[in-house]
Amino acid sequence: MFHCEGEVAVASVAREFGMMYALSSFSTSTFDEIAAAHGGSSQPPAGRFSPEVSHPPRRPPRAFQLYVWRDRAFVREILARARAAGFEALILTADISWFGNREADLRTGFTVPPDYSWRQCAGAAAAPAWTWDWLTHPPYSYALVDQDVSADSIAAYVNAQIEPAFDWEDAAWLCSEWGGPVALKGVVRPDDAKRAVQAGFSTVWVSNHGGRQLETAVPPIDVLPSIRNVVGPDTQLILDGGVRRGVDIAKALALGADGVAIGKPYLYGLAAGGRVGVHKVVSLLRDELERAMGLLGVGSVAELKEKGPTLVRPRSSWG
């Protein structure tokens, strides 16, 4: 959708920068294509998303993102394919059992695939490089789900396959089925974070799905400190949502996150310039993070996390 190089370009940049790469269930690239771009399938398993510093990895860790599918046979099959391709970690996205009313998409006329309305045609004319890329390459398809599902019918497919009644027992089954590090994505409540750990999740992914699901959902950064307090220091926390600048990464680390996930920033870079655009975005984020840390007077991520409460004050404490 964004560029013909797709997920392969992003995985390649992630490898260069030593970053974990998470592959979506609706990827247009196969497991093996991503494995090749991200450094092959040879990687010792780790108990967390980030391997221990004392055992440097031959490549960064790699994760597969899964939705709450109804068909357990399909789940077992796709997990086996991910594991065979060297994916060490699993991410369960639990906050999309219902589709939100994405008003921004309605307002801008965004559709998948394009419906060639006057608004979309005007936008295409204003972005000739993207338009040329779109018109000169074959239509994309989803590589990991049913190959007979076309891009224009994916919404109906998702509605038919996702299980709204998915519960904690199902989550525990998934953790045992995978047998490795698993993150629960879509957590914004401390009690849910605590229960996720009890169910077998090694990582809590604090996210409100980019604010596109439940209207007025709490921003992840606002609940991050309370979730850290509940799960303690040993559970890995990843913040997802609202990360647009390097200083946002610094804030998240200072308030309790072990790392952040980005979506929209690299997609803008991908749409603008393929792999080169993604590389530019990640370079900017890295430079901005280093500058923010320098201005805060910390020399390492460990020091930033240790001194974080004295450097960054959450909005809930504002008087």
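The values are calculated or read from the model by the stated rules, or taken from the named source; none is laboratory data. A quick note: this is a predicted structure, and the numbers were derived from the prediction, not measured. Don't worry about glycine lacking a Cβ; one is built from the backbone with ideal geometry, like all the others, and counts go over all protein chains shown. Just the protein is used for accessible areas: all its heavy atoms, side chains included, with ligands, DNA and RNA removed. Shrake-Rupley method; radii C 1.70, N 1.55, O 1.52, S 1.80 Å.
Looking only at segment 13-24, how many residues end up being buried (at least 18 other Cβ atoms within 10 Å of the Cβ) and more than 11 Å from R59 (Cα to Cα)?
Summing the residues that are buried (at least 18 other Cβ atoms within 10 Å of the Cβ) and more than 11 Å from R59 (Cα to Cα) in segment 13-24 gives 3.
Assess whether G294 counts as being surrounded by fewer than 20 Cβ atoms within 10 Å (Cβ to Cβ), more than 19 Å from the chain's Cα centre (by Cα) and more than 29 Å from V197 (Cβ to Cβ).
Considered against the rule, which asks whether it is surrounded by fewer than 20 Cβ atoms within 10 Å (Cβ to Cβ), more than 19 Å from the chain's Cα centre (by Cα) and more than 29 Å from V197 (Cβ to Cβ), G294 comes out as yes.
Examine segment 50-61 for a residue that is among the aliphatic types (A, V, I, L, M) and either modelled with pLDDT under 80 or in a helix (DSSP H, G or I) (or both), and state whether such a residue exists.
Within segment 50-61 (the criterion being among the aliphatic types (A, V, I, L, M) and either modelled with pLDDT under 80 or in a helix (DSSP H, G or I) (or both)), the answer is yes, since at least one residue qualifies.
Which pairs turn up if I take residues in segment 294-312 that are touching a residue at least 40 places away in the same chain (Cβ under 8 Å) and charged (D, E, K, R) and look for partners that are part of a helix (DSSP H, G or I) and open to solvent by 80 Å² or more (accessible area, probe 1.4 Å) with beta carbon separation below 7 Å, at least 6 apart in sequence or on another chain?
Nothing qualifies.
Just to be sure before I move on: is P233 surrounded by fewer than 16 Cβ atoms within 10 Å (Cβ to Cβ) and closer than 25 Å to K305 by Cβ in the structure I sent?
Yes.
Give segment 300-319 a look and list any residue that's under 20 Å from G241 (Cα atoms) and part of a loop (DSSP other than H, G, I, E, B), or say none.
Once the filter is applied, which keeps residues that are under 20 Å from G241 (Cα atoms) and part of a loop (DSSP other than H, G, I, E, B), segment 300-319 yields V312, R313, P314.
With respect to the numbered conditions (1) modelled with pLDDT under 90; (2) open to solvent by 60 Å² or more (accessible area, probe 1.4 Å), which one is the sole condition not fulfilled by Y67?
Here Y67 meets the rest and fails (2).
For segment 121-164, what are the residues that are surrounded by fewer than 11 Cβ atoms within 10 Å (Cβ to Cβ), within 18 Å of T28 (Cβ to Cβ) and at pLDDT 70 or above?
L135, T136, P138
Out of segment 174-191, which residues are open to solvent by less than 50 Å² (accessible area, probe 1.4 Å) and either among the polar types (S, T, N, Q) or free of Cβ contacts under 8 Å to residues at least 40 places away in the same chain (or both)?
C175, V188 - these are the residues of segment 174-191 that are open to solvent by less than 50 Å² (accessible area, probe 1.4 Å) and either among the polar types (S, T, N, Q) or free of Cβ contacts under 8 Å to residues at least 40 places away in the same chain (or both).
For segment 12-27, give me each residue that is hydrophobic (A, V, I, L, M, F, W, C) and assigned to a helix (DSSP H, G or I).
The answer is V13, A14, F17.
Out of all the residues in segment 67-80, which are touching a residue at least 24 places away in the same chain (Cβ under 8 Å) and farther than 25 Å from S207 by Cβ?
R76, the sole residue that qualifies.
Taking segment 192-216 as the search range and keeping residues that are open to solvent by less than 10 Å² (accessible area, probe 1.4 Å) and among the polar types (S, T, N, Q), which one is modelled with the highest pLDDT?
Going through the qualifying residues, I end up with T203.
Any idea which of G100, G109, G39 is open to solvent by 10 Å² or more (accessible area, probe 1.4 Å), modelled with pLDDT of 75 or more and touching a Lys or Arg at 6+ places or on another chain (Cβ under 9 Å)?
Answer to the check: G39.
Which residue is surrounded by the most Cβ atoms within 10 Å (Cβ to Cβ), if the candidates are limited to segment 272-291 and must be of a type in the set (A, V, I, L, M) and in contact with a helix residue (DSSP H, G or I) (Cβ under 6 Å, 6 or more places away or on another chain)?
Among those that are of a type in the set (A, V, I, L, M) and in contact with a helix residue (DSSP H, G or I) (Cβ under 6 Å, 6 or more places away or on another chain), it is V278.
Have a look at V260, V243 and point out the one that is under 17 Å from the mean Cα position of the chain (by Cα), open to solvent by less than 30 Å² (accessible area, probe 1.4 Å) and on the phi < 0 side of the Ramachandran plot.
Within the list V260, V243, the selection yields V243.
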